[in-house]
Amino acid sequence: MTTDAVETTVADLRAVRRRRRVLVVAGMTLVVLVAGTGALLVGAAGLTPGQAIAGAVGLGDKGDVFIIQKLRLPRIEAAVVVGAAFGLAGALFQSTLRNPLASPDILGISSGASLGAVTGLLALGLSGVVLSAMAFAGAGLVALAIWLLAWRKGLHSIRFVLVGVGFAYLCSSLVAWSMARAEENEAAGVLIWTVGSVSDIRGDQLALVATGTLVLSVAVAAVSRTQGPLSLGDDNARSLGVGVDAARIGTLLLAVALVALATSAAGPIAFVALVAPAIARRLVNDGGAALVASAATGAALTLVADVAGQHALLGVAAPVGIVTGLVGAPYLLWLLATTEKRSR
Amino acid sequence: MTNLRAEGVSLGYDGLRVIEGLDLTLPDGKITAVVGPNACGKSTLLRGLARLHPLDGGRITLDGTDITAMPRKELARRVGMLPQSSIAPDGVRVAELVSRGRYPHQGWFGRHSSDDDAVVTTALRSTGVAELADRPVAELSGGQRQRVWIAMVLAQQTDIVLLDEPTTFLDVRHQLDLLDLLTELNRDRGTTVAMVLHELNLAARYADHLVVMSAGRIVAEGAPADVLTREVVSEAFGLRAQVVPDPVAGSPLVVPVGRFHSSAVEPSAVEPSAS
């Protein structure tokens, strides 16, 4: 009789945790819907809900259709897709490397993308999709370099993070140096690759980033089962039957691909990959990697930051990366302060 | 019959050989304790047996099969290992952590079945942490936490369980609780237990088979009463000691002699226990 009672408890406890995960994702989805609706209606040209819906389905005033379909909707979609990619990638980095500070910003992978793009822009005069490819290559190269320097008979998390921090400084310095040497009119185009923006992602590029993110997410789902054992440390993971190095390589490759893809379109949007998983994990609070919740949080965070950057900041339209930086940095400090207290 | 055996095994770190050509068979269905001074290679040996540490030479077999030739997941269904000082991720709850022991038994999608729940429940129960199921692991005391980790290894349902210094950081009462728990596991389920222990006298009391190591080799192994002599303690630990019968269990009790306390009672003056 008592056995039955505890058995229900184990199943019940798991159901409670699952409900909580679903709730967090639903909440973030709601935030996306509210912020997205707001972003559709508010702007230089204010639209009524009726006009917006008509515009979205291609009916109504030509100007409205253009504003909705070519300007506002793609920007919302871009923020959601890119934010989700950053959030998911950050969660993968943090759980795989067992370090809450591991994120593409800190590891220099985002700055690698910036460096690739800035080099392409200033030295080679590239633009468009080729320039995005340069950013992708930059992120990939930095990840590979970190890998080669950090690998010593297996991947050691702390060495990976420290080598990454070194590369972040190196790439940022090179970007700054390139900008200092650039002409004034060129430097404006470079800026976007250092702060990140979703204002110019549309059409084929948006479709590419969205499809790529979707495909990578499916791949993540396929390997995500190893995250539970991996979060217990290498020895425990191996004892539970996980091939630790292979699992880690696979997960990090997917995370790097997600970051490279998102950064190649939007530039390095500061702190989303670092902060979104931290928020998601805190909300879900089950000791898991909170992958889906992190993606949803990343999407919500990026969209809200972009809307805020367009409308809320003292009449200045700021790129999304500036807003996430302004919000993310204090949050990071708060996180560090409270974590410190808790661990005592 | 599941025999874990080391055959001419060499282990080391970055070119530094810790163990050279060591042979050891864990007796099936028995409790084996490995003791020895710091840095004698006892933990390294255990890690090698669990395939946590690559071999520099020799092989480790399970029922005659080289364990490196087995898929890791299959090995994980037969040999469980509790490494030294595991740290639970932030926020993870007891039931969830113990459930992770089911990983090697689950398929690609890893849904928890009701069988898994039953196994997890039994593991929680037999380690006495069932009422803590919903508590975050980080909030537990050291003794409770160690029980939770052992519950995770139990949920793995392996015939062989290896433990690397499971009693470290526990006070003496919790050390006994834990060793009693492992004895129960061994008696009730016939689980083969092998553990590295620091506390010689507890090792002698709880082990069926005692392995004394020093400088990467086995100094002596066998029944504790045969193995733990003054000579062996002196050879392995470089320690002068008297060995008297444990008044409670009758197993050998090592009483070390330091520099400042001369022996008041000669070993011959102590009555041998009845058993």
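Every read-out reported here was derived from the displayed coordinates using simple, explicitly stated rules and does not represent laboratory data. Just so we're clear, the structure is a prediction, and the values are computed from it rather than from any experiment. With ideal geometry, Cβ positions are generated from the backbone for all residues, glycine too; neighbour counts draw on all protein chains shown.
Couple of notes before you dig in:
- A:LEU214 versus B:GLU74: modelled label distance in nm, points set 7 Å from Cα along the beta carbon direction: 4.0 nm
- Of all lysines in the structure, the ones whose alpha carbon falls short of 27 Å from that of A:LYS153, not counting any fewer than 8 places away in one chain, are B:LYS42, B:LYS73.
- Computed FRET value (nearest 0.05) for B:ASP66 with A:VAL16, which takes r as the C-beta separation and R₀ as 51 Å: 0.70
- Between B:LEU16 and A:TRP151, the simple spin-label model (points 7 angstrom out along Cα→Cβ) gives 2.6 nm.
- Neighbour-count order for A:SER111, A:SER127, A:SER231, fewest beta carbons within 10 angstrom listed first: A:SER127, A:SER231, A:SER111
- With a Förster radius of 22 Å applied to the beta-carbon distance between A:ALA246 and B:GLU7, the computed FRET efficiency rounds to 0.25.
- Based on alpha carbons, the Rg and Dmax found for the protein assembly as shown are 29.7, 109 Å.
- Förster radius 25 Å - calculated FRET efficiency between B:THR168 and A:ILE158, Cβ distance, rounded to 0.05: 0.60
- Take each residue of peptide B:92-104, count the partner chain Cβ atoms within 10 Å of its Cβ, and average: the result is 5.
- Separation in nanometres of the label points that stand 7 Å from Cα toward Cβ, at B:ARG187 and A:ASP200: 7.7 nm
- Within chain A, the selection of entire DSSP H helices by a Cα span of 27 Å or greater along the long axis and an average Kyte-Doolittle value of at least -0.5 returns A:2-41, A:73-96, A:128-150, A:157-181, A:203-223, A:244-266, A:291-311, A:320-343.
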